[in-house]
Ligand code: ATP
Ligand code: MG
């Protein structure tokens, strides 16, 4: 492609709304244009990158035996009602765009395709002989994200590869899951990304085991905790660890003490001269289930620990059926306004004890009892300090089974932290890194097949629900993540495998016919052997052309400048900034060899 004929507009300044380097660079270098919040146009250079990423994804998927298809983006609401996710996705999370058609039928723009694929499977899979089966597609997804930002990283319209596998049993599912683990690792490696596979929370998709693929970068929205021995890595949402040991309590008898102005653990520990590890902290949450029932949750946890809201959310989801509900639609620490709706009298905030009476709850749509959880860290404590249910007072020397009844629901809902010891090997401590989640693979089990009646007939002639897995990778997010991992002060440095072009021939002075002729010749020859090459034949200053070539991040620049007097051209490698002269007739073979070495 000739730059003189291409839509090629680079900007000198960073766009005002861009916060992270990759977003700034992709806009400045003319790869993307913002059309609306979380909505971008992929300009020709970006589209080439996206197609290359897609092709790598496709090759790795095909190599596992998965088959490509294309499912509709418009999805009838009925399917989502069958799976039980319509309300969660349109109201609770509100992530799904929905609309009403001229026949007053509800439709949604697909944020994901479990419902559609399960319908396809229900209609087409009859027998165990058709299994296992794995279908995938590469397609634009729509999600009404709360905070679209960072360009393509969190868009409201983005490209995803989503695959769904069907099995007779968990063993077969595990095999495909393992194949996907390998395929995803291959894709990321081939795209030139530094990544880590981590244990993950399964979130609203549901199911059991799941792994996220994190591209390591400071701008990542996720925190990964890992050990240096490489044996443990998990998203902080899911991570488990051993907390530091608690300090033994200095109190030997139970008493109530006046502790004015000690609403926080820090102030309390200062006044009592105790360690936060001796304190039982009581945190109040308000959960809203999809049937409108509000449940007040009281969590007892050790004073130095924090509640992990994802883990809490999962515990509450497990209990949904006890409240005749399917799912959670909201979870918050209730503010004053929220409290005023259900509190029968002012709460002793900052001084709550584990036995806070249910009398504080007025009733109405609020369940009349606190749902009481105790985190494992608080269970072992002896002679602990905790609130007295009275403003300005705490109790010390308290014990479970004496002054306070231990809640029946003992759970792990603490947030693992950097520096904690690893569960499997306490000699290893957890380190922390930021990551961009680019892929997520799940073992779904039969959640959707059961809800939607997708069954097959087993070898024994029994009708059974299909066992499912699902596997997603963000194609557009991954392309931008590559930039986030690879740039310098002059611009993008594309990994060769996903660069829009491998090389750019820059003519310093297009009025110089010799420069022009040699450049044209090289441009033709390089493209002919499959080295994707741009020709900068614009009538710009040489300096501006070099700057642009660096900004857009093309791996090899070939300059038909002064060296041509000696039958040579200059080659500049974008990544290392190394430059050298080579004979004009060696250019094609030299680059071909370099490129082949890297791509194979
Ligand atoms: P996140 O936690 O970042 O919102 P998710 O858990 O919602 O991601 P999945 O539903 O597992 O993501 O989707 C699969 C992949 O699609 C993700 O790993 C990510 O790469 C990509 N993806 C998800 N949401 C977006 C988005 N808003 N913009 C761009 N890519 C996205
Ligand atoms: Mg999401």
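Which order, highest average first, do 520-533, 276-289 follow once you tally other Cβ atoms within 10 Å for each residue and take the mean per peptide?
276-289, 520-533
Given an 8 Å cut-off on Cα distances and at least 6 residues of separation, report the relative contact order of the chain as a percent.
Normalised by residue count, the contact order of the chain is 17 percent.
Determine the gain in length on full extension of the stretch residue 332-residue 256; use 0.36 nm per residue of separation and subtract their C-alpha separation, reporting nm with one decimal.
Stretched out fully, the residue 332 to residue 256 stretch lengthens by 24.3 nm.
For the range 255-411, count all C-alpha to C-alpha pairs, find those more than 23 Å apart, and express that count as a whole percent of the total.
Summing the P(r) of the range 255-411 above 23 Å gives 36 percent of all pairs.
FRET efficiency for residue 16 and residue 580, Cβ-Cβ distance as r, R0 = 35 Å, nearest 0.05?
In this case the efficiency is close to 0.30.
Give, as ranges by residue number, the residues of the range 123-152 whose backbone N falls under 14 Å from the point 7 Å along Cα→Cβ of residue 78.
123
Based on the inverse mean of 1/r over its pairs of different Cα atoms, what is the Kirkwood hydrodynamic radius of the range 499-599, in Å?
13.3 Å
Could you please state, rounded to a whole Å, how far the C-alpha centre of the range 468-515 is from the C-alpha centre of the range 201-274?
40 Å
Relative to the longest principal Cα axis of the chain, at what angle does helix 309-318 sit, 0 to 90 degrees, rounded to 10?
70 degrees
Treating each Cα of the chain as an identical point scatterer and ignoring solvent, apply the Debye formula and state log10 I(q)/I(0) at q = 0.07 Å⁻¹.
-0.57
What is the distance, in nm, between label points placed 7 Å from the Cα along the Cα-to-Cβ direction at residue 425 and at residue 589?
About 5.0 nm, to one decimal.
Over the range 146-233, what is the mean sequence separation of C-alpha contacts under 8 Å (at least six apart), divided by residue count, expressed as relative contact order in percent?
In percent, rounded to a whole number, it is 17.
Would you mind putting 101-112, 162-173 in packing order, based on average other-beta-carbon counts within 10 Å, highest first?
162-173, 101-112
Can you run the Rg to Rh ratio on the range 334-474? Use alpha carbon positions and the Kirkwood inverse-distance Rh.
Computed over Cα atoms, the ratio is 1.13.
If I model a spin label as a point 7 Å beyond the Cα along the Cα-Cβ vector, how far apart are those points for residue 517 and residue 324 in nm?
Taking the two extended label points, one gets 9.0 nm.
Which value in nm describes the separation of the simple spin-label points at residue 47 and residue 87, placed 7 Å from the Cα toward the beta carbon?
4.4 nm
Can you tell me the orientation of helix 44-63 relative to the chain, as the angle in degrees between its alpha-carbon axis and the longest Cα principal axis, to the nearest 10?
70 degrees
Using packing as a proxy for protection, rank 9-15, 183-189 so that the peptide with the highest average count of other Cβ atoms within 10 Å comes first.
The most tightly packed comes first, giving 183-189, 9-15.
On a full-extension model of 0.36 nm per residue, what is the gain between residue 140 and residue 406, subtracting their alpha-carbon distance, rounded to one decimal in nm?
Using 0.36 nm per residue and subtracting the Cα-Cα distance, I get 90.8 nm.
Residues of the range 131-150 with the amide nitrogen closer than 14 Å to a label point 7 Å from the Cα of residue 459, along Cα-to-Cβ, please.
Residues passing the 14 Å test: 131-132.
Throughout, read-outs are computed from the coordinates displayed, never taken from laboratory work. From a predicted model like this one, the values you see are computed outputs, not experimental measurements. Every residue, glycine among them, receives a Cβ derived from its backbone with ideal geometry; neighbour counts consider all protein chains shown.
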